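Everything below concerns the one structure shown next.
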Amino acid sequence: MTTSSESVVDLEVVDATPVTVAPFGVLITEEVNPDLDIPYYRGRVVEGGDIGFCYRGRASLRTAKVLPGGTAHVVWLERHLALTQLFVGLGSSPFVMVLAPPNHATGDNLPDLAAASALMFPGGSALMLHFGTWHDFPIAVNTPVALLIGNSEEVVDALHSAGSPRELDEGDVFKVSLPDRFGVALCPRW
């Protein structure tokens, strides 16, 4: 939600490709590069390697359905330093994500909005975030999108127990309000 005292920064939505996704994470598609030789399935299975999903504590795999409509203004960005969060689009509906690159290694505690991007992920693809990538929840484009989300219980518990939308610095969730911190909302334009 935006207020009259904040401005909206438009972000052009660009297609998610391995190159456009690289600053933020790993694009996962139906393309599988052979990496493992498991003898039981030769000739009928191409075995890819470990994609690097990491978490602290206990894993939490859950689903969500994102509905289109309403405002696409992004007013929250969060990061996780002990989780390479995974968003898997189920079905054929595309989704958009607003992302800003990790900057915790340089001691920064706020996202670099000048480096923010809005990426369009095709249906059936996935994004695994790098540690510390700033992000909001995926946005449905024109049709509902079902997601499988790879998380940690620590992150889910912190978000669930927040009580109301507010900034968080609990567990492995550091979530900031863009209107409060920067006076802006980010709006992907497709």
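Overview of values
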item: Neighbour count of at most 11 Cβ within 10 Å plus DSSP loop: longest GluC sites (Glu not before Pro)-free window in the chain; result: 32-190
item: Cβ-based exposure ranking for 110, 127, 61, in which fewest neighbours within 10 Å come first; result: 61, 110, 127
item: Difference of contour (0.36 nm per residue) and Cα-Cα distance, residue 7 to residue 104; result: 32.3 nm
item: Proxy reagent accessibility, fewest Cβ within 10 Å first, across 134, 76; result: 76, 134
item: Spin-label pair residue 162/residue 112, simplified geometry with 7 Å Cα→Cβ offset, distance in nm; result: 2.5
item: Gain on full stretching of the segment that runs from residue 20 to residue 32 - 0.36 nm per residue minus C-alpha separation; result: 2.4 nm
item: Calculated FRET efficiency for the pair residue 62/residue 169, C-beta based, R₀ 35 Å, to 0.05; result: 0.95
item: Sparse-neighbourhood loop sites, trypsin sites (Lys or Arg not before Pro) in segment 39-99 - DSSP loop, at most 12 other Cβ within 10 angstrom; result: 42, 44, 58
item: Neighbour-count order for 73, 160, 80, fewest beta carbons within 10 angstrom listed first; result: 160, 73, 80
item: Qualifying trypsin sites (Lys or Arg not before Pro) in segment 110-190, DSSP loop, other Cβ atoms within 10 Å at most 11; result: 166
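No lab work stands behind these numbers, since they all come straight from the coordinates. Just so we're clear, the structure is a prediction, and the values are computed from it rather than from any experiment. Glycine also receives a Cβ, built like all others from the backbone with ideal geometry; neighbour counts cover every protein chain displayed.
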